[in-house]
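Every number here is computed from the coordinates shown, using simple stated rules; none is lab data. These numbers were taken from a predicted model, which means no experiment stands behind them. Don't worry about glycine lacking a Cβ; one is built from the backbone with ideal geometry, like all the others, and counts go over all protein chains shown.
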C-alpha cells in the first residue's frame, strides 16, 4: 500500500474488504486476538502515513451507501465509504449542500472527517464541524453511536480522530441550502491584503488568496451569496474549485485595483506528480508567518510558485480540528512537480518555518509526524482528546502515532 503520490509505503499483513459494519467488527476481534494494529482506509487521498500499517488494513470503500437525506432536518446519513463527489450530486438534486467542501472530492466521508478536511469557509469551518452523530466500531469490536446525547467530550474527540477512537462506519451530517453565489476577484500587494483581509472576507461564504511568492502580489477570490447568482454546487463540484466568471462590473473593479499581472492558475492533470502540505495558524499570526516566509529560503527558492491561503472560522466542535481554538489561516501548498524534481524539498523548507511557529499540520497532507511535546503545544485540547482515546482503545490497537 502507498499514500497519495507514493510518499509513504507499507505492507500490511492483510487487507480486509469491509462491506458491512459486521465485517468491521469481525476484523477488529481478529486483530485484537492476534494483537495487530488496525488502520482503515478509503480511496487513499492522503499524503500522510496514518492510514498505513503492518497489521490489518480495513478497506472501507465498499461501504458507500447514502442511507437517508432529510430535507426538513437538513441532514444526511451516509456510510463511511461514500465519496464526496457522489454525495454532492445527490444533495444538489435536492437543493442542498454540505457547509464546507475540500478541493479533492473523490475522498471518502470517513477519511475526510477523520483528518479534519476542509475547504475555505469562515462560516462553515471544516467538514468535521458538520458532524451531528457517528457510528464507530471500537477496538474491542463493540459498535457504538456518538451523538448530542453522549458525553460532550466524546463527540468532540470523535469528529477529528485519525481513526484512533474507532473505525467510522456511519456519519450524520448537517446540511445547508445550496446557495446562489457570485465570484469576486481582486489583485493587490501583500501589504494591502494584510491591511484589508478582514473587510475583504467579512461577507464571503468562501474566501481564499493566491500569494505569488516572487512578486509579492496576492490574488483574492471570494464567493458571496447573491440572488440570481450561480449555484454553489454545480455538477457535484463546489464553485470555489472553478469559480463562476465575475460580472462585467466586478471585472472592471478588479482591473482598477490591479497593480501587476499575476500568472494564470493552471488546472492539474490527473497524471501529474503532486506534492501537498498545509499548516494553520491563528489568524492573528498571519502577518508574522508571512514575514517569516518572505525572508526564508522557501520563498527565494521557488519565486515562480503560488502559496494558497485559506481561512476557517472558529469552531468548538472538535479537539483536533485546525480551527478548534479560534479563526485560522491555512498556508496550503499544492504543486505539480516534474518526475525529476525533489518533491520533498519545498515541503521541508515550508515545514521548517511553520514548525518554528508551532503551526498545526493538516492531518491529511504531508508532514513529519510531530512528537508528543509539539502536539500538546500546537493542539491546546490534546490531553482531553488523549483521555477519550485511551478510554476507547486502552491497548492502542488503533493508535496512529505508535
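Ranked by the mean number of other Cβ atoms within 10 Å per residue, highest first, peptides 216-223, 332-339 order as 216-223, 332-339.
Projecting label points 7 angstrom from Cα along Cα→Cβ for residue 29 and residue 296 puts them 5.0 nm apart. Based on C-alpha pairs under 8 angstrom that are at least 6 apart in sequence, the chain has a relative contact order of 18 percent.
Residue separation of residue 153 and residue 203 scaled by 0.36 nm, minus their Cα-Cα distance, works out to 14.8 nm of gained length. What the Kirkwood sum gives for the stretch 1-115 is a hydrodynamic radius of 15.2 Å, with every pair of different alpha carbons counted. Dividing the summed helix terms, -39500 (n - 2.57) for each DSSP H run of n ≥ 4, by the number of residues in the chain produces a 222 nm estimate of -7500 deg cm²/dmol to the nearest 500. The angle separating the long axis of helix 345-356 from the principal Cα axis of greatest extent in the chain is about 80 degrees. Axis of helix 190-201 versus longest Cα principal axis of the chain: the two differ by about 60°, to the nearest ten degrees. Taking 7 Å steps out from each Cα toward its Cβ at residue 227 and residue 377 produces label points 5.3 nm apart. Helix 21-34 and the long axis of the chain differ in direction by around 70°, with both axes built from C-alpha atoms.
Here the stretch 66-177 is treated as an ellipsoid with the same Cα gyration tensor; its semi-axes, largest first and in whole Å, are 22, 14, 14. A P(r) calculated from all alpha carbon pairs of the stretch 310-387, with 5 Å bins opening at zero, reads 3, 13, 23, 23, 17, 10, 6, 3, 1 percent. Applying 1/(1 + (r/R0)^6) with R0 = 30 Å to the Cβ-Cβ distance of residue 387 and residue 94 gives a FRET efficiency near 0.15.
With each label modelled as a point 7 angstrom along the Cα→C-beta vector, the residue 10-residue 70 pair spans 3.6 nm. The translational diffusion coefficient of the chain, from Stokes-Einstein at 37 °C and 0.692 mPa s with a Kirkwood hydrodynamic radius over alpha carbon pairs, comes to 151 µm²/s.
The order of 300, 121, going from fewest to most other C-beta atoms within 10 Å of their C-beta, is 300, 121. Between the beta carbons of residue 357 and residue 123, assuming R0 = 30 Å, the FRET efficiency works out to 0.70 to the nearest 0.05. For the chain, the share of DSSP beta bridges that are antiparallel, to the nearest 5, is 90%. For the stretch 9-59, what D do you get in µm² per second when you plug the Kirkwood radius from alpha-carbon pairs into Stokes-Einstein at 37 °C and 0.692 mPa s? The calculation lands on 295 µm²/s.
Among 284-292, 17-25, sorting by the average number of other beta carbon atoms lying within 10 angstrom of each residue, highest first, gives 17-25, 284-292.
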